[in-house]
Amino acid sequence: MKIINKIRIKLGIKYLYINLFSTKPVSNIFGLDRGVPIDRLYIEHFLNAHNVDIKGKVLEIAESTYTKKFGISVDDSQVLHFDKSNNQATIVGDLSAPHDLPEGITDCFICTQTLNFIYDVKSAIVSCHKLLTDGGIFLGTVAGLSQISRYDMDRWGDYWRFTDLSIRKMFEEVFGEGHVEIKIYGNALAATAFIQGLAVEDILSVKKLMQEDNNFQLIIGIRAVK
């Protein structure tokens with residue numbers, strides 16, 4: 001049996017060699033030091049696919065980057081952060097404490113890569129529902145296969161990795177059956193590259209990254225309607 005201990009990825013006219021027996025990844029920060037992280041490709045694809053929902057009063061976690069990038073008719077943009085350390089925050093509150101958050105203040109809530117870092121994730125989903133107006137739309141993403149985010153782990157914690165089944169059940173418990181849509185992103189190539197910390201620029205074929213394999217759920221997109 002032939003043992004493969006290296007893989008070679010073509011970068012234009014150059015090649016990147018990855019030692020599969022190495023215990024260290026190419027990047028410890030998701031490929032941010034190399035280019036666009038692979039999960040970011042999926043997150044932005046998901047939001048762009050639902051850009052018609054990003055309108056009216058829009059609330060986003062930590063910053064308004066995606067509201068500005070994908071919003072089509074935004075009347076009011078708000079930013080939610082869990083403490084006062086973020087000077088962009090217009091609303092300060094903890095998603096895991098629904099009783100402390102305002103009700104019915106937004107038509108669209110963009111909540112990407114956040115629920116993985118909240119221990120009481122079920123209370124956080126209740127908060128997501130509470131923040132929305134009637135008919136309001138939650139657009140979120142969570143990680144399935146991923147490195148630990150050391151930045152988040154050392155500050156407030158990195159608690160969960162989800163599957164489409166687990167995140168659907170938790171959202172349907174709050175939003176109701178028929179009100180939740182799930183989109184899966186990932187395949188074996190994408191998962192291997194992402195765990196190694198490769199960037200989108202390291203993979204010549206974005207088309208291959210976009211092929212879906214339900215057994216390798218790297219990013220899960222959630223659209224839920226109140």
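Just the residues that are among the small types (Gly, Ala, Ser), farther than 30 Å from Ile72 by Cβ, part of a loop (DSSP other than H, G, I, E, B) and modelled with pLDDT of 95 or more, please, taken from the range 83-124. Hits for the range 83-124 are Ser96, Ala97. Condition first: in contact with a Pro (Cβ under 7 Å, 6 or more places away or on another chain), modelled with pLDDT under 95 and under 30 Å from Thr192 (Cα atoms). Can you find one or more residues in the range 33-46 that meet it? No - not one qualifying residue is present in the range 33-46. When we screen Gly12, Gly56 for residues that are among the small types (Gly, Ala, Ser) and at pLDDT 90 or above, the only hit is Gly56.
Looking for whichever is within 15 Å of the chain's Cα centre (by Cα), assigned to a helix (DSSP H, G or I) and on the phi < 0 side of the Ramachandran plot here; the options are Asp152, Asp158. Which one fits? First the steps, then the outcome.
On the way: Asp158 fails: assigned to a helix (DSSP H, G or I).
None of the others qualify; the one that does is Asp152.
Out of the residues in the range 152-195 that are farther than 14 Å from Asn214 by Cα and among the small types (Gly, Ala, Ser), state the one that is surrounded by the fewest Cβ atoms within 10 Å (Cβ to Cβ). The extreme case among them is Gly178.
Taking the range 52-85 as the range and being closer than 21 Å to Ile219 by Cβ, surrounded by fewer than 16 Cβ atoms within 10 Å (Cβ to Cβ) and either touching a Ser or Thr at 6+ places or on another chain (Cβ under 7 Å) or not charged (D, E, K, R) (or both) as the test, the residues that pass are Val52, Thr65. Which members of the range 161-186 meet the condition of being under 25 Å from Cys108 (Cβ atoms) and part of a helix (DSSP H, G or I)? Asp164, Ser166, Ile167, Arg168, Lys169, Met170, Phe171, Glu172, Glu173, Val174, Phe175 - these are the residues of the range 161-186 that are under 25 Å from Cys108 (Cβ atoms) and part of a helix (DSSP H, G or I).
The values are calculated or read from the model by the stated rules, or taken from the named source; none is laboratory data. Note that the structure is a prediction, hence the values are computed from the model and not measured. Because the Cβ atoms are built from the backbone with ideal geometry, glycine has one as well, and the counts that use them run over all protein chains shown.
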